[in-house]
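J.: Here's a structure for you.
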Amino acid sequence: MRAPAESFPLAARHELANAQLRANLATATATIRAKRSAVVSELPDWEELREAAQAIKTDVLARLDDYLLQFEAALEAAGGRVHWARDATEACAAVAEVARSQGVSEVVKVKSLTTDEIELNAALAAAGVHAIETDLAELILQLDGDWPSHILVPAIHRNRTEIRDLFARTIAPGIASNDPSDLAEAARVYLRTKFLEARVGISGANFGVAETGTICVVESEGNGRMCTTLPPVLVTVLGIEKLVPSFADLEVFLQLLPRSSTGERMNPYTSLWTGVAPGDGPQELHVILLDNGRTRVLRDEVGRQALHCIRCSACLNVCPVYTRTGGHAYGSVYPGPIGAILTPQLVGIERAASLPFASSLCGACYEVCPVKIDIPAVLLHLRAEAVRAKAPKSERAAMAAVAWIFASASRLGLAERLAHVLQRPLVRGDVIRRLPPPLAGWTRTRDLKPLASKSFRDWWRAERR
Ligand code: SF4
C-alpha cells in the first residue's frame, strides 16, 4: 500500500484552501450524520449490537488462522478457488492471471477499498486490461483521473455541475442537464453495455463467512449485483480480517452497517454467494485472500483493533478534522479517523508518522463506531510509536541514561548533587533563562526553575531523623 506523499499538515493546508470542497463536505457529512443518528436511535439494543460486533471481531482475530482455513475448505467444497496473497503484488498478479486466462481486455468492477489499497486498476492496466468502475461515484473519479476522498461517498468533493461537464467530455457527449437523475441515467446507459459484454467481474467483499465459504457484498446502486452475477467469471479480493465465523453473525453486522454508513435501515442491495451454482451466475469463482500487512497489524495488541473496521465511514462524518480537510489530506485510500490508525500500521509508522496526530482526540469517532474501535486509544499508542521512530539517536541515548539513573536511589542522589554544581553558573536570580546546547531548545520559549536547594529525599530524611 502506498504511503502518503506528504505529511498531513502540509496536505491539509492545501485542501483547506478549497472553499468548494469545504462546502460540499459540510453539507454531505451533516446530512449523513443526521440520518444516522435518527435510525440508530430507533434501535433499543444498539449498544448490545455494538458489543456483539466487537466480541465477534475480537474472536475472529484471536483465531484467524483457523477461520481462514475453514473458509478456504468451505469455499473450495462449494466450487470456488482460493488464492493466498501475501501482498499487493501477489494479489494483483492473481487477478491479472485470471483476466489473461479469459483473454479479456476489459473487466467490470464493484467499488472496493481493498482493490484500491492494492492499486489493482493500475496493475491490470499494466497487464493490458482496463478495469471499469461501475459505482457511479467511482466511475466519475475514474473518468477524471481523480481518487476517492470518502469511504462511502468517494466523490464527496465533486458537485453536479463538475460532473455534468465531465460526462459531456467523456461518456455522454452533448449532455446539458446537471440534474442528478439525468446524470445517473447517462451513467446507467454507458454501464449497461459494459455489464452485458463483460466476461470477468471483480469485487471486494464486506464479509466472508468461515462456516459456509459465503461472500457478502452490500451496496446501494445495484451495480455490485450486476458485476457479481452477469459475467461468467468472478474474482473477489477479500482482506483476511473480513471473516465472520458463522452465517448467523451477519445478522449483527447487517444491522449495524447500513445504519452507520448511509443512515438506512437496511442496504438496498445485499448480495450473498457461496461458490458456484450450475447455470446460475458466474461459473468460475476466484477468491484472493489478502494479507498485505494485516498480520503485522495483528501482532500489535493495541493497534490490532483497527482490523475490526467494517468501513462504514461513521467516524469520518463526525470527525472535526476530516469534515474540514476531506479525505485527500490523508494521502491514503483510508481517510479520516480509521485512516489515521490503519494507514500507519499498514505502511509502517515511519512512512505515515503525521497521521496519528490528525485528530483532536475528542472521542466522537469512538462514540459512533459500530464495532467499538477505541480510535483515540490507538491514536495515542501510535503517536508514541511515531515519536519513538523519529527520535534522534542522541535523544534515545539521553532517555536511556535518565532511565538508568532513575532506576537506582544512590545514582539519583549522586546525579542531583552533580546537577546542583552544574547549574550554579546558569542561575540568574531565581531562574535559569538559558540552557546550553543540546538543551537550549527547552529555554528558547520558557524559563526554567533551578533545582531546589534541598531535594525532597534530603528533606524527608531530615524530617524522619
Ligand atoms: S473505524 Fe468504526 S466508525 Fe470508522 S469506518 Fe471503521 S467501523 Fe466505521
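J.: Expressed in whole Å with the largest first, what are the equivalent ellipsoid semi-axes of the stretch 190-292 derived from the C-alpha gyration tensor as the square root of 5 times each eigenvalue?
T.: They are 22, 18, 12 Å, listed from largest to smallest.
J.: Mean 1/r over all different Cα pairs, inverted: what Kirkwood radius does the stretch 101-193 give, in Å?
T.: It works out to 14.0 Å.
J.: DSSP loop (so not H, G, I, E, B), at most 14 other Cβ within 10 Å: list which trypsin sites (Lys or Arg not before Pro) in the stretch 367-455 pass both filters.
T.: For trypsin sites (Lys or Arg not before Pro) across the stretch 367-455 that sit outside H, G, I, E and B with at most 14 neighbouring Cβ atoms in 10 Å, the list reads ARG433, ARG434, ARG444, ARG446, LYS454.
J.: While we're looking at this one, here's another question. Can you say what percent of the DSSP beta bridges in the chain, counting only those with both residues inside, are antiparallel? Round to 5.
T.: 35
J.: Mean projection of the alpha-carbon convex hull of the stretch 261-358 over all orientations, in nm²?
T.: Result: a mean projected hull area of 8.7 nm².
J.: Here's another thing I want to ask about it. Please list, or write none, the aspartates and glutamates whose alpha carbon is within less than 19 Å of the alpha carbon of LYS449, excluding same-chain residues fewer than 8 places away.
T.: GLU416, ASP430, ASP458
J.: Cα gyration tensor of the stretch 333-413, axes a ≥ b ≥ c as square roots of the eigenvalues: rounded (a/c below 1.5), prolate (a/b > b/c) or oblate?
T.: Cα axes put the stretch 333-413 in the prolate bin.
J.: Related question: Cα-based Rg of the stretch 314-465 per 2.2 N^0.38 Å, rounded to two decimals?
T.: In units of the 2.2 N^0.38 Å rule of thumb, it is 1.49.
J.: In addition: For the chain, can you list the cysteines whose C-beta has no other cysteine C-beta under 4.7 Å from it?
T.: Cys with no partner Cβ under 4.7 Å: CYS92, CYS216, CYS227, CYS309, CYS312, CYS319, CYS362, CYS369.
J.: May I ask for the Rg/Rh ratio of the stretch 56-126, computed from Cα atoms with Rh as the Kirkwood radius, given to two decimals?
T.: 1.03
J.: Decide, for the stretch 387-462, between rounded, prolate and oblate: order the square roots of the alpha carbon gyration tensor eigenvalues as a ≥ b ≥ c, take rounded if a/c falls under 1.5, and otherwise choose prolate if a/b is larger than b/c, else oblate.
T.: oblate
J.: To continue, here is another question. Which three numbers, in whole Å and largest first, are the semi-axes of the equivalent ellipsoid of the chain derived from its Cα gyration tensor as √(5λ)?
T.: Rounded to whole Å, the semi-axes are 50, 26, 21.
J.: While we're looking at this one, here's another question. Residue by residue through the stretch 41-52, what is 3J(HN,Hα) from phi via Karplus (6.51 cos²θ - 1.76 cosθ + 1.60, θ = phi - 60°)? Round to whole Hz and write x for glycine and proline.
T.: Once θ is set to phi - 60°, the couplings for the stretch 41-52 become 5, 6, 9, x, 9, 4, 5, 5, 4, 4, 4, 5 Hz.
J.: Any idea what the relative contact order of the chain is, in percent, if you count C-alpha pairs under 8 Å spaced at least 6 apart?
T.: Taking the mean separation of contacting Cα pairs over the length of the chain, I get 20 percent.
J.: Go ahead and run the numbers for FRET between LEU272 and TRP84, Cβ-Cβ distance against an R0 of 35 Å, rounding to 0.05.
T.: 0.95
J.: Tell me, what ³J(HN,Hα) does each residue in the stretch 396-402 have, in order and in whole Hz, if you take phi through Karplus 6.51 cos²θ - 1.76 cosθ + 1.60 with θ = phi - 60° and put x for Gly and Pro?
T.: Result, rounded to whole Hz: 5, 5, 5, 5, 5, 5, 4.
J.: With the Cα gyration tensor of the stretch 118-164 in hand, give its eigenvalues times 5 under a square root as the equivalent ellipsoid semi-axes, listed largest first in whole angstrom.
T.: Ellipsoid half-lengths, sorted descending, are 22, 11, 8 Å.
J.: Compute the distance from the alpha-carbon center of the stretch 399-452 to that of the stretch 346-387, in whole Å.
T.: Each part reduced to its Cα centre gives a spacing of 34 Å.
J.: May I pose another question? Round to a whole angstrom and tell me the spacing of the C-alpha centers of the stretch 1-74 and the stretch 88-167.
T.: First find each Cα centre; the distance between them is then 21 Å.
J.: If you don't mind, another one. Carbon-plus-sulfur fraction of the accessible area of the stretch 158-274, 1.4 Å probe, in percent?
T.: Ligands and nucleic acids excluded, carbon and sulfur reach 53 percent.
J.: Through the Karplus equation 6.51 cos²θ - 1.76 cosθ + 1.60, θ set to phi - 60°, convert the phi angles of the stretch 161-173 into ³J(HN,Hα) values in whole Hz; use x for Gly and Pro.
T.: Rounded to whole hertz, the list is 5, 4, 5, 4, 5, 5, 4, 4, 7, 10, 8, 9, x.
J.: Rounded to the nearest 0.05, what FRET efficiency is calculated for VAL402 and ALA3 with R0 set to 45 Å and r the Cβ-Cβ distance?
T.: 0.90
J.: Further question on the same structure: Pull up all non-local amide H partners of THR214: gap of 5 or more, or a different chain, and H-to-H distance under 5 Å with H placed in the peptide plane.
T.: Those lying under 5 Å, H to H, from THR214 are VAL209.
J.: If you don't mind, there's one more thing I want to ask. What lysines could a cross-link reach from LYS194, if we take a straight Cα to Cα line under 27 Å and drop same-chain neighbours fewer than 8 places away?
T.: Partners within reach: LYS109, LYS111.
J.: About the Cα centre, and with charges only on the beta carbon of Lys, Arg (+1) and Asp, Glu (-1), how big is the dipole of the chain? Nearest 20 debye, please.
T.: My answer is approximately 3080 debye.
J.: Taking amide H positions as placed 1.01 Å from N in the peptide plane, with prolines and chain starts having none, which residues 5 or more places from VAL235, or on another chain, fall under 5 Å of its amide H?
T.: GLY201, ILE202, SER203, HIS286
J.: At 1.4 Å probe radius, can you tell me the per residue accessible area of the chain in Å²?
T.: I get 47 Å² per residue for this part.
J.: Can you give me the long-range amide H partners of GLU106? Hydrogens built in the peptide plane at 1.01 Å from N, cutoff under 5 Å, separation of 5 or more residues or another chain.
T.: Placed amide hydrogens put HIS130 under 5 Å from GLU106.
The values are calculated or read from the model by the stated rules, or taken from the named source; none is laboratory data. Computed from a predicted model, the values in this text were never measured in an experiment. Using ideal geometry, Cβ is built from the backbone for each residue, glycine included, and neighbour counts are taken over all protein chains shown. Note: accessible area is taken over every heavy atom of the protein model, side chains too, but ligands, DNA and RNA are not part of it. Shrake-Rupley method; radii C 1.70, N 1.55, O 1.52, S 1.80 Å.
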